[in-house]
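This report concerns only the one structure given below.
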Amino acid sequence: MAAAAAAVEPKTKYDRQLRIWGDQGQAALEKASICLLNCGPTGTEALKNLVLGGIGSVTVVDGAKVEQADLGNNFLLDEGCLGQSRAKSICSFLQELNDAVKAKYVEESPATMIDTNPSFFSQFTVVIATQLPETSLLKLDSICRSANIVLVAARSYGLTGLVRVSIKEHCVIESKPDHFLDDLRLHKPWTELKQFAKSIDICDKDAVVHKHTPYIVILVRLAEKWADAHDGQLPSTRQEKREFKDLIRAHMLNVDEDNYKEAVESSYKVSVTPGISDDIRQIIDDSSSEVNMSSSDFWVLVAALKEFIANEGNGELPLEGTIPDMTSLTEYYVSLQKIYQAKAESDCLAMEHRVKSILKRIGRDPESISRAYIKTFCKNTRKLRVCRYRSMEEEFSAPVLSEVQKYFADEDSCFAMNFYILLRAVDRLAANYSRLPGIFDSEIDEDVPRLKLAAVSVLTEMGLNGASLSEDLITEVCRFAGAEIHPVAAFIGGMASQEVIKLVTKQFVPLMGTFIFNGIDLKSQVLAL
């Protein structure tokens with residue numbers, strides 16, 4: 001009884017989030033090991049969200065002691081922590097939030113750890129680097145890339161902040177887009193679907209049957225009728241699509257037939273372009289789909305998908321196997337569900353055979369990729385995403401000039417670019433003067449031109465000679481004096497933890513660029529540099 005209660009407890013504990021990323025996503029979180037560099041308010045907020053979400057283990061690296069200033073912007077610290085190790089104090093409080101999470105700490109400066117013990121980071125799933133200067137961040141990025149560890153950089157600075165993901169490649173199967181067309185194959189129905197549609201008389205005068213015929217059946221039957229009258233072609237032009245809607249309306253017996261209204265609204269699904277989208281075609285044709293023994297499971301599945309499309313798929317992807325809710329008699333709807341599920345199962349089985357064949361061919365265990373993983377892949381083949389990130393060194397030294405110029409030309413993006421440049425300039429000034437600009441009120445007037453000069457240096461290195469920044473914003477960034485204001489830190493930390501969850505669960509698409517928060521105007525922008 002106790003064992004059963006222990007097994008149920010996590011499902012109850014994480015009930016709401018399980019509805020978003022499911023058991024597989026939660027299992028991935030519980031296996032993940034996170035390293036946080038610097039546990040100021042930004043880092044603490046990020047880690048707090050992950051601990052509450054049930055991350056497997058966390059290791060905090062911070063060599064600072066708790067000071068009076070920490071009590072004003074870090075809610076996990078209290079007066080009893082003054083003078084104690086900040087990393088130890090934070091770990092202690094985090095453990096109270098979720099005792100299922102293992103929390104460790106290392107009393108060491110992150111910069112020192114990066115310089116003296118780079119192999120330390122290879123044990124983690126994700127490294128979250130907060131408030132790191134550019135020089136340390138570049139070194140850490142190189143270390144993480146070499147070890148194929150995900151790096152998430154986060155920084156809050158006054159009323160601005162940034163979040164940036166760095167990894168060579170991140171493959172997403174369950175990208176879960178907000179809006180996506182149902183995979184009904186009305187443009188290319190298979191034999192069983194056509195047979196079922198023909199078994200239902202859409203001209204039946206029985207009012208109950210007529211108004212409860214599923215719109216899928218109506219569209220399959222009328223699309224076939226249209227094609228017979230148009231040399232086998234489905235409606236494609238605007239005029240033809242309008243005429244096809246009129247054909248559907250002509251079969252209505254009464255104006256209150258919701259199923260026919262649904263058919264009219266969904267009529268465009270008959271005219272879906274057959275075949276593979278450009279995005280998926282790009283993945284299938286990627287050089288990584290030429291697999292070998294060291295290829296990841298994702299690319300083995302892509303290789304199998306390529307073979308499936310050319311053979312069993314007849315130019316199409318595996319069917320997802322789900323249908324939306326619709327007006328229908330229960331027996332019709334259940335029959336349709338079974339037809340779609342059976343086709344999806346058949347496609348998945350064909351994919352499974354091809355996966356095993358490829359694994360055997362490249363010298364891997366044919367059973368090394370689970371059927372559950374293959375099934376998930378088949379259900380999401382239209383939504384696959386491959387995210388590749390430039391290194392921070394590449395971004396800093398050779399940004400995509402066309403993108404930079406585009407951002408400077410747009411009013412909202414220009415503000416984000418200004419913050420991006422100034423945050424880099426702050427690090428340069430700090431390296432030269434051993435302090436952040438604006439720390440001393442008496443030197444703000446001198447720090448403004450210093451920061452401007454550092455910003456010009458950054459712009460020049462980026463190939464933006466002659467570009468100018470907002471004078472008011474330069475002054476404002478000096479006035480920030482490097483402060484980690486708790487509301488901004490909470491927002492940036494929240495963004496960072498959200499990206500970590502996407503990366504660990506391999507669900508949803510992570511940020512593809514540098515996220516900049518503009519707390520002055522309460523706007524944000526992702527800069528793809």
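The values are calculated or read from the model by the stated rules, or taken from the named source; none is laboratory data. This structure is a prediction, so every number in the text was calculated from the model and none was measured. Note that we place each Cβ from the backbone using ideal geometry, even for glycine, and neighbour counts take in every protein chain shown. When the accessible area is computed, the model is the full protein with side chains, heavy atoms only, and any ligands, DNA or RNA have been set aside. Shrake-Rupley method; radii C 1.70, N 1.55, O 1.52, S 1.80 Å.
Of note:
- Qualifying residue in region 157-167 (condition: over 30 Å from Gly519 (Cβ atoms) and either touching a residue at least 60 places away in the same chain (Cβ under 8 Å) or small (Gly, Ala, Ser) (or both)): no
- Just one of the numbered conditions (1) in contact with a strand residue (DSSP E or B) (Cβ under 6 Å, 6 or more places away or on another chain); (2) outside any helix (DSSP H, G or I); (3) of a type in the set (Val, Ile, Thr) is not true of Thr273: (1).
- Residue list for region 292-314, filter: open to solvent by 30 Å² or more (accessible area, probe 1.4 Å) and either part of a loop (DSSP other than H, G, I, E, B) or closer than 30 Å to Asp201 by Cα (or both): Asn292, Met293, Ser294, Ser296, Asn311, Glu312, Asn314
- Filtered residue count, region 128-153, keeping only those that are closer than 23 Å to Pro41 by Cβ and among the hydrophobic types (A, V, I, L, M, F, W, C): 9
- Glu320 satisfies every condition listed in (1) outside any helix (DSSP H, G or I); (2) open to solvent by 30 Å² or more (accessible area, probe 1.4 Å); (3) over 30 Å from Asp206 (Cα atoms); (4) touching an Asp or Glu at 6+ places or on another chain (Cβ under 8 Å) except (2).
- Number of residues in region 334-359 that are open to solvent by less than 30 Å² (accessible area, probe 1.4 Å) and under 16 Å from Leu317 (Cβ atoms): the value is 8.
- Candidates Lys139, Lys194, filtered to the one that is of a type in the set (Lys, Arg) and over 25 Å from Leu503 (Cβ atoms): Lys194
- Given (1) aliphatic (A, V, I, L, M); (2) within 30 Å of Ala454 (Cβ to Cβ); (3) modelled with pLDDT of 95 or more, number of the condition Ile323 does not satisfy: (2)
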